[in-house]
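Down below is the structure, laid out as C-alpha cells.
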Amino acid sequence: MAEFKIDFSKTVEVDWDTEKENWNEYRLKDGTLLKVKLILRGVRRATEQHYPDGLPIYMVNSINVVRSVEVPKNLLSVPTEKTQGVA
C-alpha cells in the first residue's frame, strides 16, 4: 500500500460505536499464551484525500492491551513488590 502524507488540518473527527472488541491469542515459542486487544481511542478522516481506489483515508488513535494468560512455570519469578491491577 502506498504511503500518504496527510494534512491533519484537513481531517474531521469521526465518532463511532463499539460493536465488538475481541482478544487475539498468540502462542509463543516459549509456551506463553499472549492475549492482545486493540482499543480504539479516536478516528479522523481526511476530507480532501482518498486512496487511489476511491476509499476514504482514516487515521486511528489506539492502544494495545497485552495479557500473559498462560506462562510456563520456568519463566516465572518471585514478585518483588505487591502489584494491583496488573494481570
Where a residue in the range 46-57 is more than 12 Å from residue 3 (Cα to Cα) and its partner, wherever it lies, is in a loop (DSSP other than H, G, I, E, B), with Cβ under 6 Å and at least six apart
46/6
Of everything in the range 18-36 that's within 18 Å of residue 63 (Cβ to Cβ) and of a type in the set (A, V, I, L, M), which residue is surrounded by the fewest Cβ atoms within 10 Å (Cβ to Cβ)?
36
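Restrict the check to the range 66-87 and report whether at least one residue is of a type outside the set (Gly, Ala, Ser), closer than 30 Å to residue 9 by Cα and not in a loop (DSSP other than H, G, I, E, B). Steps first, please.
Filtering the range 66-87 for residues of a type outside the set (Gly, Ala, Ser) gives 66-67, 69-76, 78-84, 86.
Filter once more, keeping what is closer than 30 Å to residue 9 by Cα: none.
No, there is no match, as no residue in the range 66-87 is of a type outside the set (Gly, Ala, Ser), closer than 30 Å to residue 9 by Cα and not in a loop (DSSP other than H, G, I, E, B).
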Would you tally the residues in the range 72-87 being modelled with pLDDT of 95 or more and within 25 Å of the chain's Cα centre (by Cα)?
0
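Going through the range 1-31 one residue at a time, which ones are polar (S, T, N, Q) and within 20 Å of the chain's Cα centre (by Cα)? Spell out how you get there, then give the answer.
Taking the range 1-31 as the starting set, the residues that turn out to be polar (S, T, N, Q) are 9, 11, 18, 22, 24.
Answer for the range 1-31, where residues must be polar (S, T, N, Q) and within 20 Å of the chain's Cα centre (by Cα): 18, 22, 24.
Filter the range 43-62 down to residues that are aliphatic (A, V, I, L, M) and over 15 Å from residue 8 (Cβ atoms), then give me how many there are.
First, pick out the residues of the range 43-62 that are aliphatic (A, V, I, L, M): 43, 46, 55, 57, 59-60.
With the extra rule that they be over 15 Å from residue 8 (Cβ atoms), the set shrinks to 55.
Number of matching residues: 1.
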Residue list for the range 37-56, filter: exposed (fewer than 13 other Cβ atoms within 10 Å of the Cβ) and hydrophobic (A, V, I, L, M, F, W, C):
39, 40, 55
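The values are calculated or read from the model by the stated rules, or taken from the named source; none is laboratory data. Because the structure is predicted, anything quoted here is derived from the model rather than measured. Using ideal geometry, Cβ is built from the backbone for each residue, glycine included, and neighbour counts are taken over all protein chains shown.
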